[in-house]
Amino acid sequence: MAGWAVLCVTLAVGVAAGVIMRRRDGVARDVRGDMDTVAAGDLGAELGERATLVQFSTAFCQPCRATRRVLAEVTAMVDGVRHIEIDAESRLDLVRRLDVMRTPTVLVLDSGGRIVKRASGHPRKADVIAALGFTVSHEPDAT
Amino acid sequence: MQVDPRGMRFAAAATTLVLALVLVTGNGWLLLAQAAVFALGAAGASPYALAFKRWVRPRLGPPAATEDSRPPRFAQGVGLVFALVGLIGFLAQAAPLALGATAAALLAAFLNAAFGFCLGCEMYLIIRRLLPATR
């Protein structure tokens with residue numbers, strides 16, 4: 001029966017996709033190669049003194065609210081870090097330029113606005129703190 | 001409007017079951033019924049969510065947190081599109097189209113039920129990116 005086969009394949013794909021997504025969701029990845037730079041003008045807000053957390057959100061995004069909470073908590077804990085939330089829909093230019101495919105997407109910028117890390121999905125607090133630590137410590141050798 | 005996230009998971013599980021039955025039985029009428037459910041869900045009146053509220057929620061107690069209803073409602077609309085494509089497949093007796101569209105909707109419902117991942121919601125930005133900028 002074709003129906004049974006399609007059902008089994010679909011459920012198998014679903015389990016595999018779900019497990020992969022669980023593992024990768026919200027994990028901050030290094031941005032290698034030519035680092036894109038985001039200026040204060042792009043964001044419509046000043047960059048943080050030491051680092052900036054840029055969050056892309058939409059109205060149709062379930063984990064955006066929880067992400068906002070995590071980033072606000074971290075921002076309150078660490079000096080010189082700003083959290084800027086961007087409505088992806090009203091900034092499609094930036095969304096296309098930075099190749100944002102999902103919301104929430106979080107970019108970790110250093111003091112010069114270079115994108116050092118990015119994560120899509122709801123990030124864990126410890127991961128955000130670690131990403132900030134990495135960003136701030138890699139600051140001096142930037143040219 | 002705020003909704004109980006457990007009700008959304010319950011509705012996704014019911015959707016998964018119904019769409020699995022559509023695949024196994026090849027019954028287009030069942031898919032038509034699910035399409036009607038998707039339409040009601042997009043309007044904010046999902047029969048599955050209402051059933052949850054009426055019979056399941058009293059046993060569980062109030063939710064720890066509520067969620068914005070816009071993402072799941074948008075996702076129900078995406079589900080409706082796939083169900084309609086599937087129905088066209090059944091009407092035209094094009095089995096690959098009928099099974100493929102039903103399977104796509106089933107995958108989204110299953111990911112929501114089992115992992116709490118809203119595939120329909122994820123479509124929003126991708127669709128929005130493909131459309132020309134309105135401002």
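The numbers here are math on the coordinates, done by the rules we state, and not lab data. The structure displayed is predicted, hence computed values, not measured ones. Every residue, glycine among them, receives a Cβ derived from its backbone with ideal geometry; neighbour counts consider all protein chains shown.
Numbers for the structure displayed
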| quantity | calculated |
| --- | --- |
| Beta bridges by DSSP in chain A, antiparallel share as percent, to the nearest 5 | 65 percent |
| All Cα pairs of chain A, percent lying beyond 17 Å | 61 percent |
| Tensor-based shape of chain B (alpha-carbon gyration tensor, a/c under 1.5 rounded, otherwise prolate or oblate) | oblate |
| Mean projected area in nm² (Cα convex hull; one quarter of hull surface) for the stretch A:27-100 | 5.5 nm² |
| Residues with amide H under 5 Å from that of residue A:36, placed H, sequence gap 5 or more | A:115 |
| Acute angle (nearest 10 degrees) that the helix A:125-137 long axis makes with the longest principal axis of chain A, alpha-carbon atoms | 40 degrees |
| Rounded D (µm²/s) - the protein assembly as shown, Kirkwood Rh over Cα pairs, Stokes-Einstein at 4 °C, 1.567 mPa s | 64 µm²/s |
| Per-residue [θ]222 nm for chain A (sum of -39500 (n - 2.57) over DSSP H runs n ≥ 4, rounded to 500) | -13000 deg cm²/dmol |
| Distant-in-sequence amide H partners of residue A:85 (H built 1.01 Å from N, under 5 Å) | A:55 |
| Cleavage-rule hits (chymotrypsin sites (Phe, Trp or Tyr not before Pro)) in the stretch A:55-143: DSSP loop, at most 14 neighbouring Cβ within 10 angstrom | none |
| Amide H contacts under 5 Å for residue B:27, placed H, 5+ residues apart | none |
| Helix runs (DSSP H) in chain B reaching 20 Å along axis by Cα, Kyte-Doolittle at least -0.5 | B:5-25, B:28-42, B:70-91, B:95-115 |
